[in-house]
Amino acid sequence: MWLYALRRLLMTIPILIGVTIICFILIKIAPGDPIKALLPPGATEADAARLRAMYGLDQPLPLQYLIWLGHVLTGNLGMAISTNRPVLSEVTRAFGNTIAIAFIAVCLSFVLSLVMGVIAAYRMGGLVDRIVTALAVFGISVPTFWLAVVFVIIFAVNLRMLPATGMGDSDSGSFNYFRWDDFKFALLPILALTLTPLGIMMRTTRSAVAEILNQDFIQTIRAKGMSEFQVTVHAVRNAMPQIVAMLGLQLGYLVGGSVLVETVFSWPGTGYLLNMAIMARDLPLLQGTILVLALAFVMLNLVVDLLQSLIDPRIKRS
Amino acid sequence: MSDIPANLAIDAPPAQTRPAKSRGYWGGVWQRLRYDHVTLFCLALILLIVLSAIFAPWIAPFDPNKSSIIHRLKPIGVAPYWLGTDEQGRDMLSRILWGGRTSLAMGIVPVAIATLIGGAFGIVAGYYGGWVNMVIMRTMDVFFAFPSVLLAVAISGSLGGGTTNQLITLAIVLIPPLCRVAETATSQVRSMDFVDAARATGAPTPVILFKHVLINVVSPVLVYASTLVSAAILLASGLSFLGLGVSPPTPDWGLMLSTLRQSIYVQPLVCALPGVAILITSIAFNLVSDGLRQAMDVKA
């Protein structure tokens with residue numbers, strides 16, 4: 001177990017380095033000369049060169065990367081141009097809001113997909129199975145930002161049941177997910193985020209459980225007189241590694257991909273931050289947010305892999 | 001040697017076990033497709049969408065960019081604006097027809113580019129193995145460390161908006177998955193006897209690559225590429241929604257959703273329309289690629 005964990009951990013290091021390289025390059029591929037933007041009109045070439053040297057932009061690229069990496073490792077992601085605050089504090093404040101709604105959405109889709117997926121696996125071709133199949137196709141085909149707009153139209157414009165945008169009177173610090181007056185602001189973003197993972201998870205659960213139900217040992221335990229409920233528990237437990245793997249992946253996709261949904265709801269998470277950075281062409285903020293999100297995604301995959309090897313001891317042998 | 005069935009390597013039964021009346025590989029695919037009504041219906045739907053996008057200049061009832069202050073935000077179903085008008089009084093039907101052009105192009109062109117580039121890298125990596133494989137595939141692994149939407153927003157956000165940048169972004173996002181599929185298929189084919197036989201007869205590497213490897217790798221890669229079209233359409237419309245796609249007066253489904261958002265309190269149904277167009281197109285592409293995968297007997 002420990003050997004596997006260590007090996008998996010070591011495999012992550014080159015990926016982490018690669019991710020930082022891509023994030024570093026992001027700034028470099030941006031059109032326009034950042035120095036020219038800083039200088040007043042009429043500045044001479046010598047001024048530009050002096051400024052370039054001051055920011056270390058006259059160094060060769062690999063050296064620039066190492067210097068930047070040094071800053072990143074000490075938690076210095078630069079200043080956000082649009083808000084004039086450190087990027088790191090902006091991102092950490094927003095990160096919690098994104099994680100929270102993504103986590104609730106994934107939990108919701110996990111529970112629902114477990115129920116629906118198991119029923120569908122038992123009754124292939126039945127009504128639930130058809131709903132599961134249809135939802136799976138719908139889930140991967142629907143533009144989530146459109147779904148978000150439709151939810152706003154239905155629940156905020158027509159029914160006037162839920163607020164359309166924002167966090168209400170609370171800010172990130174005082175927002176309480178267990179109080180309805182706060183939670184109602186998070187409900188629509190959560191619902192809009194849930195559908196895609198729900199469709200995918202349902203399909204995964206259905207096929208994983210159906211595969212287990214076809215195995216010989218299920219027949220054996222049935223023959224031994226186990227109740228059908230216990231049989232189901234056995235099947236679900238055996239399908240769990242596959243389901244957990246998908247669960248982790250979906251959480252990662254939601255955290256990284258919630259930019260569209262957060263934009264629609266003005267939900268103050270990392271996605272909204274990204275949108276702000278794009279609108280204001282605030283490259284340090286864009287780079288910092290993407291770096292943090294990508295690192296989180298890598299770490300999440302690591303945790304999921306380790307978790308999987310805990311549930312299913314067969315994995316670490318391969 | 002050249003008439004090896006295209007599917008020999010990829011989980012299909014060998015040619016001898018097929019019934020004597022076999023019409024060859026593509027005949028079998030067509031036989032299976034013929035009875036798959038869902039796929040056929042969606043194929044027809046895609047054809048209709050593609051045709052109406054191509055012929056938009058002739059069939060659109062109005063100029064998609066002609067605005068009119070007095071005809072702003074008309075409801076659906078009233079002549080002459082059958083699908084209503086947007087916040088600048090432009091005809092929605094015309095704009096949706098025209099918008100299909102950019103949206104479809106953004107679904108198909110990047111996938112085609114990524115298939116060529118990613119497929120080439122994947123075949124090279126799979127065929128040569130060793131350090132070539134390691135360099136290519138480990139590089140791709142780094143891109144897999146980003147969720148696709150995040151990667152698209154990252155690249156597009158840095159490059160800035162515009163059609164060309166959107167195209168480059170989507171192609172970069174789609175290359176790694178295609179490369180991985182091509183690599184897997186190639187390394188399976190590489191160890192097959194007929195490749196060894198070709199090598200033993202002294203066939204030069206380019207001949208082996210094109211005549212024996214490529215022909216067997218093409219169908220799983222193309223089927224996989226077809227599943228990416230809908231993903232590309234969704235990603236592209238998402239980028240346009242964020243203002244990272246075509247520039248404003250040009251009609252585009254994602255951009256239309258974004259600009260119409262301010263009017264959801266006035267004409268909610270009209271504002272939801274471009275999304276319906278995206279949804280139908282992407283469902284159709286998804287179902288067709290599912291059907292193709294089944295008919296061609298390729299495992300995803």
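Derivation of every value follows stated rules applied to the coordinates shown; laboratory data play no part. These figures come from a predicted structure and were not determined experimentally. Neighbour counts run over all protein chains shown; Cβ positions are idealised from the backbone, glycine included.
Counting charges near A:ALA121 (Lys, Arg +1; Asp, Glu -1) among other residues having Cβ under 9 Å from its Cβ returns a value of 0. Counting only alpha carbon atoms, the long axis of helix B:215-241 and the longest principal axis of chain B meet at about 20°. Using the Kyte-Doolittle scale, which helices in chain A average at least 0.5 and also have C-alpha atoms spread 30 Å or more along the helix axis, with helices defined as whole DSSP H runs? Correct list, ordered by number: A:2-29, A:87-122, A:180-213, A:228-257, A:283-311.
Each Lys and Arg Cβ is given +1 and each Asp and Glu Cβ -1; about its Cα centre, segment B:127-257 then shows a dipole of about 160 debye. Counting lysine pairs in chain B that sit 8 or more residues apart in sequence, or on different chains, and whose Cα atoms lie under 27 Å apart gives 4. In chain B, excluding the sites themselves, the longest stretch lacking any of the trypsin sites (Lys or Arg not before Pro) that are in a DSSP loop with at most 15 other Cβ atoms within 10 Å is B:67-298. Between the helical axis of B:92-128 and the longest alpha-carbon principal axis of chain B there is an angle of about 20 degrees. Here the calculated FRET efficiency for A:ARG52 and A:SER89, from their Cβ-Cβ distance with R0 = 22 Å, stands at 0.20, rounded to the nearest 0.05. With loop membership from DSSP and a limit of 15 other Cβ atoms within 10 Å, the longest segment of chain A without trypsin sites (Lys or Arg not before Pro) is A:1-122. When the helices in chain A are scored as -39500 (n - 2.57) per DSSP H run of 4 or longer and the sum is shared across all residues, what 222 nm value do you end up with, to the nearest 500 deg cm²/dmol? The per-residue figure over chain A is -25000 deg cm²/dmol. If R0 is 45 Å, the Cβ-Cβ spacing of A:ILE13 and A:GLU228 corresponds to a FRET efficiency of close to 0.40.
For the pair A:ALA280 and B:ARG138, label points projected 7 Å from Cα toward Cβ lie 3.9 nm apart. In chain B, the calculated helix contribution to ellipticity at 222 nm averages -22000 deg cm²/dmol per residue, counting -39,500 (n - 2.57) for every DSSP H run with n ≥ 4.
At a Förster radius of 30 Å, what calculated FRET efficiency corresponds to the Cβ-Cβ distance of B:ALA44 and A:GLN215, to the nearest 0.05? Step by step, r from the Cβ atoms, then E = 0.15.
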